[in-house]
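Here, each number is a calculation from the coordinates, and none is a lab measurement. Everything quoted here is computed from the prediction, not taken from an experiment. So basically every Cβ, Gly included, is an ideal-geometry build from the backbone, and we count neighbours across all protein chains shown.
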Ligand code: UDP
Ligand code: MG
């Protein structure tokens, strides 16, 4: 490619053999209809089903579809990171591969960004009616907590469907995070932003790759990546338990003075349990941070690129 395209679409793809063809079928006419030069960066996050084969096939009759493949599964955020780092466009849209983010909103995002010179256009989930009750509840709690940590700049219910300008992407690229959580990093940039409301559709095929374990992981990454508040919480807990100990101590002293020393046993026992619990909580929280410091010090890359179709094209170009 000689000039940078106007638009890049970054799509993390992991075991989406049933969804991907349907996604491409719906996405391509929309992008073709934009009348701008574009590229799609499909990041194959180490799929183990027929997805890699399908991506090759898609690329055969859609030259704008680039393939970046990880050597192994590295996670949704790592795939996003690779896509952002390898996209060339003046604007970059990130979108899921399962049609939960309707691609019909891309022209609207682009128009809004251009019209109002915005660096960020969030896709905001207006209706989550198709998500399960459990997912809606946990997501509600997640966004509430994140807005407490990052502040109101973080729009409620904004996931990873969004448009970024070149400036915003370049700013994100300067961040050396090993476990980036883009839905927090992007609002944290503080660049001019707008919103496009969309309806979160049902996954078109296959099953979610975000089981409860990964959701908890994302929430923990989000909190520890962005705030030392949990450490402060530990301090408050410590202070609180100290106060409780003072009260219990005074109570025991009075009981002792009156001569009722035997009944003190139960309060002592409860106190010991309580302090033990608080200490465990604090140690657990410290462990979260220490674990992350450890992985940062190790400085392992978040992913390894096994293949990038752009490099292949460049090599073919050089041979000519
Ligand atoms: N995904 C990925 N790596 C993973 C898990 C998911 O690249 O380890 C991709 C997946 O293919 C999809 C997007 O990230 O395009 C969102 O994942 P999913 O739909 O499973 O999550 P949900 O929408 O249920 O939160
Ligand atoms: Mg999904």
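Report, in whole Å, the centroid distance computed from the Cα atoms of the stretch 38-85 and the stretch 192-216.
Value for the Cα centre distance between the two parts: 18 Å.
In deg cm²/dmol and to the nearest 500, what is the mean residue ellipticity at 222 nm of the chain if only DSSP H runs of at least 4 residues count, each as -39500 (n - 2.57), divided by the residue total? Mind showing how you got there, number by number?
Numbers: 11 runs with 170 residues, N = 320.
Computed ellipticity for the chain at 222 nm equals -17500 deg cm²/dmol.
What's the angle, to the nearest 10 degrees (0 to 90), between helix 51-61's Cα axis and the longest principal axis of the chain?
With both axes taken from Cα atoms, the answer is about 30 degrees.
For the ranges 156-169, 22-35, what's the packing order if you count other beta-carbon atoms within 10 Å of each residue, average per peptide, and put the highest first?
156-169, 22-35
If neighbour count is taken as other Cβ atoms inside 10 Å, put 55, 146 in order from fewest to most.
Taking fewest neighbouring Cβ atoms as first place, the list is 146, 55.
Build a GNM of the chain with springs between Cα atoms under 10 Å: which of 68, 290, 92 gets the top mean-square fluctuation?
With Cα springs under 10 Å in the chain, the top fluctuation among 68, 290, 92 is at 290.
Measuring from label point to label point, each 7 Å out along Cα→Cβ, what is the residue 217 to residue 314 span in nm?
3.1
If I model a spin label at residue 167 and residue 279 as a point 7 Å from the Cα along the Cα→Cβ vector, what separation in nanometres do I get?
5.4
Between residue 22 and residue 114, what length comes free when the chain is fully extended (0.36 nm per residue of separation minus the Cα-Cα distance, one decimal in nm)?
The span from residue 22 to residue 114 would gain 30.2 nm if fully extended.
Can you figure out the FRET efficiency of residue 127 with residue 253, using R₀ = 45 Å and their beta-carbon distance, to the nearest 0.05?
Taking R0 as 45 Å, the efficiency between residue 127 and residue 253 is 0.15.
May I ask what percent, to the nearest 5, of DSSP beta bridges between residues of the chain are antiparallel?
In the chain, approximately 30 percent of DSSP beta bridges are antiparallel ones.
Using a Förster radius of 56 Å, what is the FRET efficiency between residue 34 and residue 293 based on their Cβ-Cβ separation? Nearest 0.05, please.
Computed FRET efficiency for residue 34 and residue 293: 0.80.
To the nearest 0.05, how large is the calculated FRET efficiency for residue 209 and residue 239 if R₀ is 35 Å and r is the Cβ-Cβ distance?
Rounded to the nearest 0.05, the efficiency is 0.30.
Order 181-190, 216-225 from most to least packed using the mean count of other Cβ atoms within 10 Å.
Descending packing order for the listed peptides: 181-190, 216-225.
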